[in-house]
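To start, the structure itself, in structure tokens.
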Amino acid sequence: MTRLTGFSLLFSRTGQSRRGLTTLLRAGLLTLVALCLSPAYSPALADDAEPLLAYGARIAGDDARTRVVIDFDRKPAFSVHYVANPVRVIVDLPETSFGLKPEDLKARGLFSDIRYGGMGAGSSRVVLTATRPVAVALAEVKEDEGGKGFRLVIDAEFVTQDRFSQLLEQQKWSIVATTGKTGRLAEPAANDGSFVIAVDAGHGGIDTGAVGVATKTEEKKVTLAFAEEMTGALNKETGIKAFLTRSKDEFLSLSQRVQIARQHGANLFISIHADTLKQKDIRGATVYTISDKASDHLAANLAERENLSDEIAGVALETEPAEVADILIDLTRRETQAFSVNLARSVVSSFEGRIKLINNPHRYAGFQVLRAPDVPSVLLELGFLSNKDDEKLLLDPKWRSKVSERLVEAVRHYRNGAVGNGG
Ligand SMILES: [Zn+2]
């Protein structure tokens, strides 16, 4: 029943352009989804439109062999593959709602971290991060006695690094065999002269982001509520067309977010976040732009954590995409960078005195989601879910509309300054 699929090969090629890599990523996702949903691959797939329900789970074992069991209301189709650095076992499922208690799948034995959630496009995923190289010795679906439902049983066992490398190598071959028929990316939409703004709700699906210190509210929900409000407010402005990169609770990789903005011909990209810090007293909004060198430790740490988003969801990036050594792209990038800084300054000055800001509110670091070479991009950290006062504001609809109004003002200011510069 186990089938090994994965993205590893897709990312082992260097010298690809960013667009090419993203195309490959999309293709990989499509292939994977197709595999999950293909009746030939799994005749047992419950093809009802309703998502599957995972209503219970257990984990048992030690650091030599660990068993994970998940209870479903119907028979789930599934596929398993591996990702390296760190070692992970990825279980892909059709769309599933997870009615599990956090303690049901508390990491133990060979696994140091377990996450599950939606991946978008009607699929869901369980990511089991292992403490050492592992192999899946058994992966099967069994019917419960009495016909109550079905349980998915995954047995992982400790293997040598050599054996794990072999398993990765084998799954590359299975990708080669299946990547023939893949979807194509849509052509960029023709721009009708509007000023197009991509509003990106940080995190989503399997990647919940930070969690509120008092209410345990997930960052992915906070960011979506703000992104929706901001998009609505921006769309009231003449000549502006704002859109959401995600409009529901789904996972998007960092490069997909960038690519969606570019496909829509976006003039601006604004990513919304509300993270947590170890220093619980720090509060206020921050605007980030991209830079190879971080402005400070706080910015560097935050970018590092944000860039883990793909890893959390089990998206394999074995090699970093090679930067394109092209002087024209380099010039575009530099010009874009200047526009990004202008936008960040506009946001800071429109917030000043009205929305609480952190000290030195414009900071910079190597955020992957801000790397579009041709779309001025900022990451807006609205406040910190680790601070009780900020958390209260972040959950307050009145504050949300106030922030959105200030953002509209910042974009207005930016556009006035950018007239004639094509920004
Ligand atoms: Zn975040």
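Residue by residue, region 384-395 carries 3J(HN,Hα) couplings of 10, 5, 8, 10, 4, 5, 4, 4, 4, 5, 4, 9 Hz when phi is fed to the Karplus relation 6.51 cos²θ - 1.76 cosθ + 1.60 (θ = phi - 60°); x denotes Gly or Pro. Here the spin labels are modelled as points 7 Å beyond Cα on the Cα-Cβ line, and at Asn360 and Glu143 they lie 6.5 nm apart. Shown for region 52-170 is the translational diffusion coefficient from the Stokes-Einstein equation, using the Kirkwood radius over Cα pairs, a temperature of 20 °C and a viscosity of 1.002 mPa s: 148 µm²/s. For region 123-134, backbone phi angles converted through the Karplus equation (6.51, -1.76, 1.60; θ = phi - 60°) give residue-by-residue couplings of 10, 9, 8, 10, 10, 10, 8, 9, 7, 7, x, 9 Hz, Gly and Pro being listed as x.
Treating each Cα of region 216-356 as one equal point scatterer and applying the Debye formula with no solvent, the log10 of I(q)/I(0) at q = 0.09, 0.10, 0.15 Å⁻¹ comes out as -0.33, -0.41, -1.01. Restricting things to alpha carbons, find the Rg to Rh ratio for region 184-420 using the Kirkwood radius for Rh. When Rh is taken as the Kirkwood radius, the ratio is 0.94.
Packing, as the average of other Cβ atoms within 10 Å across residues, places the peptides 210-223, 149-162 in the order 210-223, 149-162, highest first. When His362, His273 are compared by accessible area of protein heavy atoms, the largest-first order is His362, His273, using a 1.4 Å probe. Taking label points 7 Å from Cα along the Cα-to-Cβ direction, Glu237 and Lys293 give a separation of 3.3 nm. Across the protein chains, with a 1.4 Å probe defining accessible surface, the residues Asp396, Asp249 rank Asp249, Asp396 from largest area downward.
Label-to-label distance for Glu335 and Ser165 is 4.6 nm, based on points extended 7 Å past Cα in the beta-carbon direction. Summing Lys and Arg as +1 and Asp and Glu as -1 over all other residues whose Cβ lies under 10 Å from the Cβ of Thr289 gives a net charge of +2.
A 1.4 Å probe, protein heavy atoms only, puts the accessible area of Tyr364 near 90 Å². Amide hydrogen proximity for Arg88: with H placed 1.01 Å from N in the peptide plane, the residues at 5 or more positions away or on another chain lying under 5 Å are Val83, Ala130. With θ taken as phi - 60° and the Karplus curve 6.51 cos²θ - 1.76 cosθ + 1.60 applied, the whole-hertz 3J(HN,Hα) list for region 281-286 is 7, 6, 8, x, 8, 9 Hz, x standing for glycine and proline. With a threshold of 21 Å on the Cα-Cα distance, the over-threshold entries among Lys356/Lys398; Lys101/Lys220; Lys278/Lys402; Lys106/Lys248; Lys248/Lys392 are Lys278/Lys402; Lys106/Lys248; Lys248/Lys392.
The values are calculated or read from the model by the stated rules, or taken from the named source; none is laboratory data. A quick note: this is a predicted structure, and the numbers were derived from the prediction, not measured. No Cβ is skipped: glycine too gets one built from the backbone with ideal geometry, and neighbour counts run over all protein chains shown. Accessible surface is based on the protein model in full, side chains and every heavy atom, while ligands, DNA and RNA are left aside. Shrake-Rupley method; radii C 1.70, N 1.55, O 1.52, S 1.80 Å.
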